[in-house]
Amino acid sequence: MGGRQSGTAMLTDYRVLDLTDEKGFLCGKILGDLGADVVKVEKPAGDPARRIGPFVNDIPDPEKSLHWFALNSSKRGITLNLESREGQDIFRRLSDRADMVIESFTPGYMDELGLGYSALSARNPRLIMTSITHFGQGGPYRDRKASDIVLMAMSGLMRITGDSDRPPLRLCFDQSYYLASAHAAVGTLLALRHRHFSGEGQQVDVSMYECAVRANYREPVQWEFDKKTTLRMGISFSRGGASRRQFWRSKDGYVTWMLMTENAKPVRAFIEWIQEEGRADLLKGLSWDEASLFKLTAREIGALENAIGQFIRTHTTKELDAASIERGLLLSPVNEVDEVVRDEHLMARRYWKEIEQPESGKVLTHPRFTFLTSEGGNEVRCRAPRIGEHNTQVYEGELGFSKEELSALRVRGIM
C-alpha cells in the first residue's frame, strides 16, 4: 500500500502526560504520532534535555535543539514544578483527566512526591502509568545509576559489536533509550487494551537493561545449544560455519553484499559480469562451479571474495545498485542520510513531512509515519513544543485557572 493514509488517528480520544527525560521521549512521540494528546510536562526552566545538541546553526539554545525537535514532535508542552506542593496538587488534577502517565524518574521518586501509581490510581482507577527506568522497579539493581553505554555493555550487545582485534564497540546514539521507549509504547498500548475490557488501569514497568538484553535474539540460544559465545566479526557475518564479508568499498562509497553458498545465482551473476568487462584475470586460479559452491573452504571463499571485492572497487555505488537490480546480485548501497531523504521510493510514499520551526526560521524534514493502515492516521502531527507553550491552553482553558492565578504561579516558580 502506498501513498498517504487518511482517517481518524487510532488514539485520538486519549490523553497522555509525558514526564520522561531522553530515556523515554520516543515513547511519548510514538503515542503522539498515533493521535494521542501527549502533554510534555517540563520544569519551569525547561527540560535539561533541551541542552543536548546538535543545535540549529550550531548555536546552543534550549529552543533550538535538534535532538529535542526530533523526539518531542507530536506533543503539546507545559511547565510545572513537581517538587512544590502546589505543583503536585496541579499534577493530580491533570492526572485525573488523563488516560496514561509515562515517566522515567528513579524508582520511588514519584512515590516520594505523592504521585506514584498507587496514589494516582486511587483517584483515577483507569489510569495507566508506564515507568521507564534503568533496571526496573524491583531487583538487586533497582537503585543503580546507569547510562546508555553502561546498559549496552551490561546487555552483551557491545561484546558482539566491532572488530575481533579491537575492543567492544558501542552502537551509535542512545540505542538502549530507543529500545526501551519502543517497548514502553507497546506495553502501554497493551495495558490500554486490557483496560478496554476490564475498566482498570495498571502500572507498566519497563527496564532499559532488560530491553537491551532482549535485543540479543540469537546469542542466548546459541549459548544454550553449544556453550559458545559469539565473537565480534566487524564487517563479516558467520554463516554455515564460515565467516563471510558483508561490506565492500565501491569507487565512491560502500555497498553491502554477502557470498551465500546456498544460493549460486548472485555469485554466478557477478562472475559473468566480471568476464563481460574483460576482467577474467581477477578469477585466475579459482576453481569454482555451482555444484561445489557449498563445499568451498574458508580459504576458497576468501579468494572468491577478494576477486569480487577488487571488481566492486572499480564501479560507483550507483552503477553497482543498477547492476544489482538488472543482474540479480542481491547487493545494496550503503546510503548517506541525504541520499535516504532523497530516495524516490520514500518520496513516492510521501514518507517525509516538512514542519516549520518558527524559532529557527527553518523548515525541518521529519519521518512522517511508522506504518500505513487503511483507516487510522499515524504521522508526526506538529513540531516539538516551546518551553511552556501550552500553559495557557491547558491551565486556563482546561483546568479553569484565571490569568491572575497563572501569573501568580509563574512568579512563585510553580510553572
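Would you be able to say whether some residue in segment 351-368 is out of contact with any helix residue (DSSP H, G or I) (no Cβ under 8 Å at 6 or more places or on another chain), part of a loop (DSSP other than H, G, I, E, B) and closer than 16 Å to G35 by Cα?
Scanning segment 351-368, I find at least one residue that is out of contact with any helix residue (DSSP H, G or I) (no Cβ under 8 Å at 6 or more places or on another chain), part of a loop (DSSP other than H, G, I, E, B) and closer than 16 Å to G35 by Cα, so the answer is yes.
Looking at T12 and the list (1) among the polar types (S, T, N, Q); (2) closer than 14 Å to I387 by Cα; (3) surrounded by fewer than 18 Cβ atoms within 10 Å (Cβ to Cβ), which single condition is not satisfied?
It is condition (2) that T12 fails.
Residue-by-condition table, conditions (1) small (G, A, S); (2) in the same structural domain as S324 (by TED's automatic domain parsing); (3) modelled with pLDDT under 80; (4) under 31 Å from the mean Cα position of the chain (by Cα):
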site	(1), (2), (3), (4)
D226	no, no, no, no
R239	no, yes, yes, yes
S243	yes, yes, yes, yes
T261	no, yes, yes, no
A264	yes, yes, no, no
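Report, ordered by the first and then the second residue, all pairs with beta carbons closer than 7 Å, sequence separation of six or more or different chains, a first member in segment 109-135 that is farther than 24 Å from I30 by Cα, and a second member that is of a type in the set (K, R).
Final answer for the pair search is R123/R92.
Got at least one residue in segment 289-304 being surrounded by 12 or more Cβ atoms within 10 Å (Cβ to Cβ) and without any contact (Cβ under 8 Å) to a residue 12 or more places away in the chain?
yes
Can you name the condition, by its number, that F311 falls short on among (1) farther than 30 Å from L17 by Cα; (2) surrounded by fewer than 15 Cβ atoms within 10 Å (Cβ to Cβ); (3) hydrophobic (A, V, I, L, M, F, W, C); (4) touching a residue at least 40 places away in the same chain (Cβ under 8 Å)?
For F311, the exception is condition (2).
One residue is enough: does segment 248-255 have a residue meeting the conditions touching a Ser or Thr at 6+ places or on another chain (Cβ under 9 Å), within 30 Å of I312 (Cβ to Cβ) and among the acidic types (D, E)?
So far as segment 248-255 goes, yes, one or more of its residues are touching a Ser or Thr at 6+ places or on another chain (Cβ under 9 Å), within 30 Å of I312 (Cβ to Cβ) and among the acidic types (D, E).
Mind listing whichever residues of segment 125-150 are farther than 26 Å from L115 by Cβ and either of a type in the set (F, W, Y) or surrounded by 15 or more Cβ atoms within 10 Å (Cβ to Cβ) (or both)?
Within segment 125-150, D148, V150 meet the criteria.
Results for (1) closer than 11 Å to S74 by Cβ; (2) small (G, A, S); (3) in the same structural domain as V186 (by TED's automatic domain parsing); (4) touching a residue at least 24 places away in the same chain (Cβ under 8 Å), shown as yes or no for each residue.
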| position | (1), (2), (3), (4) |
| --- | --- |
| W352 | no, no, yes, no |
| S360 | no, yes, yes, yes |
| T365 | no, no, yes, yes |
| L372 | no, no, yes, yes |
| E375 | no, no, yes, yes |
| N378 | yes, no, yes, yes |
| C382 | yes, no, yes, yes |
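The values are calculated or read from the model by the stated rules, or taken from the named source; none is laboratory data. Please read all numbers here as calculations on a predicted model, not as lab measurements. Don't worry about glycine lacking a Cβ; one is built from the backbone with ideal geometry, like all the others, and counts go over all protein chains shown.
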